[in-house]
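Data first, discussion second: the structure below is written as structure tokens.
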Amino acid sequence: MGRFWKQSYWCCVAAGLALLSSLPTKASDHGLALTPPMGWNSWNKFGCNVSEELIEGAADAMVSSGMKEAGYQYVVIDDCWQVSRDGSGNIVADAQRFPSGIKAVADFVHSKGLKFGIYSDAGVKTCAGRPGSSGHEYQDALQYAAWGVDYLKYDWCHTGTANAEWAYTTMRDALSASGRPIVFSLCEWGKAKPWLWATDVGNLWRTTGDISDCWDCQKKDALSFVKIVDLQDGLESYAGPGHWNDPDMLEVGNGGMTITEYRSHFSLWCLLAAPLIAGNDLKNMPAEIKEILTNKEVIAVDQDALGVEGRRVRKDGEAEVWSKQLGDGGRAVILFNRGAADAQISVSWQELGYPAHLNAGVRDLWMRRDLGKFNGRFETKVPSHGVVMIKVMP
Ligand code: GLA
């Protein structure tokens, strides 16, 4: 080989290596989900009953209801859109339910200024028995990118003895190789403690099994709202911009809880910096449900750019105090009454990490009213199963 060719050869090798090392491999490198993702997903209300009409209707309703304006962005089809694989192994969508094809649905969602999400599973089958992505990760990721997918929820059914970190990293790399920035949502139910290893793998990871639309139901295998809240305690240090704990999608508006309880559910999700993925029927949403899901001051707590997850600072029997540090030096605080009767609940500034005798402003985020300045502490009556959510500003 002549000197010129030798030099050119090494030049190419060096350029190739530089290119490879500059490709994002971590999920967080895309700059996606710097605040918890907000959107809607078909599963909690509609289960397997998905169709292009449903998804496009949800996208329309997301705009007309004011949800988009409030920050909701991703419209996600959960399980059951897929039926088989063709002779080349390509995933095939249900042609009866999606006669125009998935790309057309994605285009429709994009035309509304929204983003489009889809669902698959790391195993051979999804939880509803549809084809999973095991062995087809790169092929599926390329297909999603070609369709214009912006968000992938990736489940954990039918995975046998697979190692979760390996399986999710494989799909993370496949999504990265597709060249399209895609938010990666791990749905492994917290079994292999993804908070310990998924910071660079996914943008959000489920911390528990599936939520049930009930306050504290005792159904077998059901995780009620309050059970899920308890399971979040202690995980707060693992969340941050680009990588969030996911206590599962919202049940607000699905009929199993009272308005007071749904307000508690939404408030706690916001304090936990949880992804806000609505799961109700957006087309038929009563005003009081819309008011919960679109409360801008409460959503601002969830979306605070500092990206700190809130935590429980006190539990006195049925009375709890939760607090979240905000980027402007304030604290969002929830006084949470799990009891069957109304209760007085207090919080001291010291519990929030402030000096004991600070004179701090308090604003009620649900009443949207400044309550004045308070020295050292704040106390108020909280309804049974309800919250009072305030912002404390030194
Ligand atoms: C699992 C997930 C749910 C939903 C269903 C779909 O149970 O945890 O959120 O995606 O599968 O089959």
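Net length available on complete extension from T260 to L34 is 78.4 nm, with 0.36 nm assigned per residue and the Cα-Cα distance removed. Volume of the convex hull of the range 163-220 (Cα atoms only), normalised per residue: 104 Å³.
Solvent-accessible area assigned to carbon and sulfur over the chain amounts to 52 percent, based on a 1.4 Å probe.
Magnitude of the charge dipole for the range 60-113, about its Cα centre and with charges confined to Cβ atoms of Lys, Arg (+1) and Asp, Glu (-1), is about 100 debye. When the surface is traced with a 1.4 Å probe over the full set of protein chains, R180 keeps roughly 70 Å² accessible. Taking N as the residue count of the range 29-89, its C-alpha radius of gyration divided by 2.2 N^0.38 Å amounts to 1.37.
Label positions at A356 and A104, each projected 7 Å from the Cα along the C-beta direction, are separated by 7.0 nm.
For A146 and D364, calculate 0.36 nm times their separation in residues minus their Cα-Cα distance, and state this gained length in nm to one decimal.
Numbers: separation 218, 0.36 × 218 = 78.48 nm, distance 4.60 nm.
Extra length from A146 to D364 when fully extended: 73.9 nm.
With label points built 7 Å along Cα→Cβ from the Cα atoms of E297 and D221, find their separation and express it in nm. Between E297 and D221, the label points sit 4.2 nm apart.
With N as its number of residues, the range 258-394 has a Cα radius of gyration that, divided by 2.2 N^0.38 Å, comes to 1.02. Rolling a 1.4 Å probe across the protein heavy atoms gives the range 220-338 an accessible surface of 32 Å² per residue. Take the Cα of A287, go 7 Å toward its beta carbon, and none of the backbone nitrogen atoms of the range 46-64 fall under 16 Å from that spot. Counting charges near M171 (Lys, Arg +1; Asp, Glu -1) among other residues having Cβ under 9 Å from its Cβ returns a value of -2. Remark: C-alpha extents of the range 83-232 on the principal axes read 43, 31, 29 Å, sorted largest to smallest. Taking packing as the residue-averaged number of other Cβ atoms within 10 angstrom, the listed peptides 304-316, 268-280, 164-176 run from highest to lowest as 268-280, 164-176, 304-316. Gyration tensor over the Cα atoms of the range 274-343: the corresponding equivalent ellipsoid has semi-axes (square roots of 5 times the eigenvalues, largest first) of 24, 20, 10 Å. log₁₀ I(q)/I(0) of the chain at q = 0.15 Å⁻¹, via Debye over equal Cα point scatterers, no solvent, to two decimals? So the normalised log intensities work out to -1.34.
The values are calculated or read from the model by the stated rules, or taken from the named source; none is laboratory data. In this text, all values refer to a predicted model and were calculated from it rather than measured experimentally. Here the Cβ is made from the backbone with ideal geometry for all residues, glycine too, and neighbour counts use every protein chain on show. Quick note on the areas: whole protein, heavy atoms, side chains included, nothing else; ligands and nucleic acids left out. Shrake-Rupley method; radii C 1.70, N 1.55, O 1.52, S 1.80 Å.
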